[in-house]
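Reading through the structure tokens given below for one structure.
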Amino acid sequence: MLSVENLTVCYGQMKALRSVSIEISAGQMVALIGANGSGKTTLLNAISGLVPIEEGRIIWEDQSLNGFPPDKLCRKGIIQVPEGRKLFPSMTVEENLIMGAYHPNVRKKAQESLQKVFSSFPRLADRRRQFAGSLSGGEQQMVAMGRALMAKPRLLMLDEPSLGLSPKAAAEIFEIIRELNKEGITILLVSQEVMQTLAITTYGYVLENGVLVLQGDCKQLQEDPKVKTSYLGM
Amino acid sequence: MDAVLIFQSLISGIMMGMVYALLGVGFSLTWGVMHVIHISHGAFGLLGAYAAYSLLQYFGVDPIASAAMSVPLLFLMACGLYQLLIRPITRAKNIIMASMILTFGLAIILENIMALIWKADPRVLTPAYSSGALIVGPFYFQYPHLVGFGLSLVGITALYLFLKKTYTGMAVRAAWQQPEAARLYGVNLFQISMITFALAVSTAGAGGICLALLNSFEPHSHNLWLIYLFLVVIVGGVGNVIGTALAGLIIGVITGLSMAFLPFQWVNLVTFGLLMVFLIFRPHGIFKQEGL
């Protein structure tokens, strides 16, 4: 479905990613783990078209995505839930969700999608008229995911969806992600909650200082001594 | 004090304030959404006023019709201007500074063009009903003031509904609040910036016509208007449409009352003293929650 080939991304002089290659096939749930500043968010932003690509290619169903701006990319169903949620704080919950269905391919079905999101997240229906900025962290994450679902994702990329949430809210979010994958949405999950992430994903990549250092089945990764010492504190 | 006089100046203040509000919302939007401080905003308002003046003088076109015509014309002109001048400077490191310098130059150019065409004499818009007035009990409302007020009210309501109810309007707000997320969900920031800028310029034109119905104007009037624009936006909060509208009303009422009870030379002192007080104590405006 998506393959990233030898991707290099620079911020000025600094190389944020060096020749990274990953492969995601349809229906898969893939984990991307690594410490702060290892380049996880940069990789997602490169796939979303937010940062320019220095070298390498991003291929989506046999088509090169290099140079596509984000507003064109989301029409293909490549949807990112950004780190820190990035909701529109002074817009209501409902308006935030409607903005998810902004691109023309999904706009006609916006009301239908809205009802679906409300039935999956009943708490959002109760708070539909509230400003998104006034919600709790867990509710905000639900709005962020609801907004992404409004865009009818085929590949959903989640950047630290549990960051700053209580353990209970985090567990709830991970459960929702698993449900979404069961419904057929391909998932790329970026998280520092390495244990929880590897428990629900099937394949994983480990980034370190912009370089891919490890990859494999999540069961293998969980047993890997390097992962254990660096990320699981064992 | 005279209750009738207080009430009368309160009403004039509200009328004046509604016009400030219409002029101010566009200024606030370009500032908030695009980080462009559009110094020539008032000059475009003045251009609208002069166009309405000539249309009335030579073709007998009513200012209401002129306002309706100027909005689409200025919109198109502003789209071109955005592509030609504004879009290139959004690549600058410091957009606010670059935009201020660029549009300051633009304001001077516009001012000189207007001085060339219309001369430096003060002008007034005098439609057929200009000497008429609505008299309600002891109160007295001149028709041109009522028309200016009514047009401004329509303009602000239309802008509010556009921002609140349409997809494009919501994209404008989204781009202001969280540009990166807006892009991720399909908003083309350049397109939205162009629409924002064009809307701002066209509402400035309409606002200028409204202001011309209340006050006389000359080619350099936009400088004073600009200071009022800053006042309205700073009191109301940058990018906050409802706040800007309310701030316009508040400032209108304050100037209205001070005009009635203070010697003329004190009015601006009160108004701009207020601006300084706000900058010191509430630099983010009076409203806690950003409305809209």
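Using the Kirkwood radius over C-alpha pairs as Rh, can you work out the diffusion coefficient of the protein assembly as shown via Stokes-Einstein at 10 °C, viscosity 1.306 mPa s, in µm² per second?
Answer from the Stokes-Einstein relation: 62 µm²/s.
Just from its helices, what would the mean residue ellipticity at 222 nm be for the protein assembly as shown, if runs of 4 or more DSSP H residues each count -39500 (n - 2.57) and the sum is divided by every residue, rounded to the nearest 500 deg cm²/dmol?
-18500 deg cm²/dmol
For a footprinting-style exposure proxy, rank B:218, A:193, A:223 by other Cβ within 10 Å, fewest first.
With the sparsest Cβ surroundings first, the list reads A:223, B:218, A:193.
Helix A:137-150 against the longest principal axis of chain A: what's the angle in degrees, Cα atoms only, rounded to the nearest 10?
Tilt of helix A:137-150: around 90 degrees.
Going by Cα centres, segment A:24-97 and segment B:202-229 are how many Å apart?
Result: 45 Å between the Cα centres.
Using Cα-only point scatterers and the Debye equation, what is log10 of I(q)/I(0) for chain B at each q in 0.08, 0.16 Å⁻¹, rounded to two decimals?
With one equal scatterer per Cα and no solvent, log10 I(q)/I(0) is -0.33, -1.32.
List the lysines whose alpha-carbon lies under 16 Å from that of residue A:152, not counting same-chain residues fewer than 8 positions away?
Counting by Cα, and skipping residues close in sequence, residue A:152 has these lysines nearby: A:72, A:76, A:108, A:109, A:116, A:182.
Could you tell me how many degrees, from 0 to 90 and to the nearest 10, lie between the Cα long axis of helix B:3-34 and the main elongation axis, the longest principal axis, of the Cα atoms of chain B?
20
Once both labels are modelled 7 Å past Cα along the beta-carbon direction, what's the residue A:112-residue B:101 spacing in nm?
Using points 7 Å along Cα→Cβ, the separation is 5.4 nm.
Could you please report the charge total around residue B:170, scoring K, R as +1 and D, E as -1 over all other residues with beta-carbon less than 13 angstrom from its beta-carbon?
+3
Listing A:194, B:36 from the residue with the fewest other Cβ atoms within 10 Å to the one with the most, what is the order?
The order, fewest Cβ neighbours first, is A:194, B:36.
Over chain B, calculate the relative contact order: mean separation of alpha carbon pairs under 8 Å at least 6 apart, over the residue count, as a percent.
39
Each reported figure results from applying straightforward, stated rules to the coordinates on display, with no laboratory input. Since we're looking at a predicted model, the values are computed, not measured. In this analysis, Cβ positions are derived from the backbone assuming ideal geometry, glycine residues included, and neighbour counts consider all displayed protein chains.
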